Amino acid sequence: MAKNNDIYPIFMGDVVSSSNYDGEILRKELHELVTETNTTFKQCILSPLTITLGDEFQSVLKSTASGINLIFHLEESLLKRNLDFKLHYVLVLGEIETEINPKIAYEMLGKGLAEARKLLSSKKRNRKRFKFRLNDKEQSEQLSKLFEVLDAIILNWKKEDYPLILDMINNDNNEEVGELHGKNRAQIWK
């Protein structure tokens, strides 16, 4: 591929409070999660999700919509795998000045990558798990607010309820989900 100076969706993430977890277990779980995501989203990815440090990953995508879908997929995968950790996400539309590496998300340079890295590395006290910097400022703000609401819901979930939550995500019929888990509708929503 030739030199670009083009705008791409840059997707990065890291583990929230990674130092609170056993490093070897976390490394293995994150690696499995990234590998499975790359396989599932192969058609949407220009440069695959690559673990850059022990608890961080980055990628270059074909579209902003792919980034949103990746977030939902990763969040659902955390539930399916019954994992204890949460992830921070950054989705930035930004400039990449070098060739896109289609095999691994290394050896690329550009203002967009630097901006995404800076957002991901921000350790502000009220750091949000989901950050968006797209061409449209209003769209970025709306996505940020939407995901802030989603995060408030997710943070109230208990690990023992993950199977119930997954069934609710995948089945619109609350009565069926209740029967599967031996609960009535009121109990499900608590």
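Inter-label distance, residue 63 to residue 151: 2.6 nm, where each label sits 7 Å from its Cα along the C-beta direction. 3J(HN,Hα) couplings calculated from phi for the range 118-129 with the Karplus curve 6.51 cos²θ - 1.76 cosθ + 1.60 (θ = phi - 60°) are, in sequence order, 5, 4, 5, 7, 4, 10, 4, 4, 9, 4, 8, 6 Hz; Gly and Pro show x. Compute the helix-to-body angle for 137-154: its Cα long axis versus the longest principal axis of the chain, expressed 0 to 90° and rounded to tens. The answer is roughly 40 degrees.
Using a/c under 1.5 as the rounded threshold, could you call the range 17-61 rounded, prolate or oblate? The axes a ≥ b ≥ c are square roots of the C-alpha gyration tensor eigenvalues, and prolate needs a/b larger than b/c, oblate otherwise.
Prolate, because a/c is 1.5 or more and a/b exceeds b/c.
Within a Cβ distance under 13 Å of residue 40, other residues only, what is the Lys/Arg minus Asp/Glu net charge? Its environment carries a net charge of -1. Restricting the GluC sites (Glu not before Pro) of the range 105-190 to loop positions (DSSP other than H, G, I, E, B) with no more than 14 neighbouring Cβ atoms within 10 Å leaves 107. Rounded to the nearest 10 degrees, the angle from helix 23-40 to the longest Cα principal axis of the chain is 80 degrees. When the C-alpha to C-alpha distance is required to be over 20 Å, the pairs from 80/123; 103/128; 42/159; 28/86; 86/131; 86/123 that qualify are 80/123; 103/128; 42/159. Rolling a 1.4 Å probe across all protein chains gives residue 51 an accessible area of roughly 50 Å². Each other residue within a Cβ distance under 12 Å of residue 13 adds +1 if Lys or Arg and -1 if Asp or Glu, for a net charge of 0. Distance between the C-alpha centers of the range 46-65 and the range 122-190? Whole Å please. Comparing the Cα centres of the range 46-65 and the range 122-190, I get a distance of 23 Å. Protein heavy-atom surface of the chain, 1.4 angstrom probe: 51% of the accessible area is carbon and sulfur, with nucleic acids and ligands not counted.
Each of 40, 50 has its accessible area taken with a 1.4 Å probe; listed largest first, they run 40, 50.
With a sphere of radius 14 Å drawn around the Cβ of residue 22, what net charge do the other residues whose Cβ falls strictly inside it have (Lys, Arg +1; Asp, Glu -1)? Within the 14 Å Cβ shell, the charges total -2. GNM on the chain, alpha-carbon springs under 10 angstrom: the most fluctuating residue among 152, 105, 114 is 152.
The values are calculated or read from the model by the stated rules, or taken from the named source; none is laboratory data. These numbers were taken from a predicted model, which means no experiment stands behind them. A quick note on method: Cβ atoms are made from the backbone with ideal geometry, for glycine too, and the neighbour counts reach across all protein chains shown. Keep in mind that these areas ignore ligands, DNA and RNA; they rest on the heavy atoms of the full protein, side chains included. Shrake-Rupley method; radii C 1.70, N 1.55, O 1.52, S 1.80 Å.
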